[in-house]
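Asks: Submitted below is the structure of interest, expressed as structure tokens.
The values are calculated or read from the model by the stated rules, or taken from the named source; none is laboratory data. In this text the structure is predicted, and so the values were computed from the model without any measurement. Counting neighbours? That spans all protein chains shown, and the Cβs are built from the backbone with ideal geometry, glycine included. Only protein heavy atoms, including side chains, enter the accessible area calculation; ligands, DNA and RNA are left aside. Shrake-Rupley method; radii C 1.70, N 1.55, O 1.52, S 1.80 Å.
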Amino acid sequence: MIQTIDEYKIIENGEVIGEIALLQYINQKLPNIEYKVKPAHQNKGIMKKHLPIYLDRIKGIGNILAIVKYDNLISIKLLLNNGFKYIGKINENKIYIYGI
């Protein structure tokens, strides 16, 4: 089961082009941050602009996690540039956990 703690819509020209959400999975102690941008708007720096705004908005929430595939270098760089640190991997599929 998943509970949405907070969500943030990225809107340009009246269209939702991306979103960031803080989710609490029932089997995890810390909430997860998840984000996405529609394919037509990717690689334009949208998340680079909006993730810091969102993290500032939720800064009182405490520690959070981000779970990323090992080969998603753009997302890893985004997280590291916004204060996340590598914590470890979940399984042999090389899914990494980052925390702030």
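Asks: Can you tell me which of Ile76, Ile90, Ile67 is more than 20 Å from Tyr8 (Cβ to Cβ) and surrounded by 12 or more Cβ atoms within 10 Å (Cβ to Cβ)? Write out each step before concluding.
Replies: Values: Ile90 fails: surrounded by 12 or more Cβ atoms within 10 Å (Cβ to Cβ); Ile67 fails: more than 20 Å from Tyr8 (Cβ to Cβ).
Of Ile76, Ile90, Ile67, the one residue that is more than 20 Å from Tyr8 (Cβ to Cβ) and surrounded by 12 or more Cβ atoms within 10 Å (Cβ to Cβ) is Ile76.
Asks: For region 7-14, check the following and say yes or no: at least one residue is among the basic types (Lys, Arg) and open to solvent by less than 100 Å² (accessible area, probe 1.4 Å).
Replies: Yes; the residues of region 7-14 include at least one that is among the basic types (Lys, Arg) and open to solvent by less than 100 Å² (accessible area, probe 1.4 Å).
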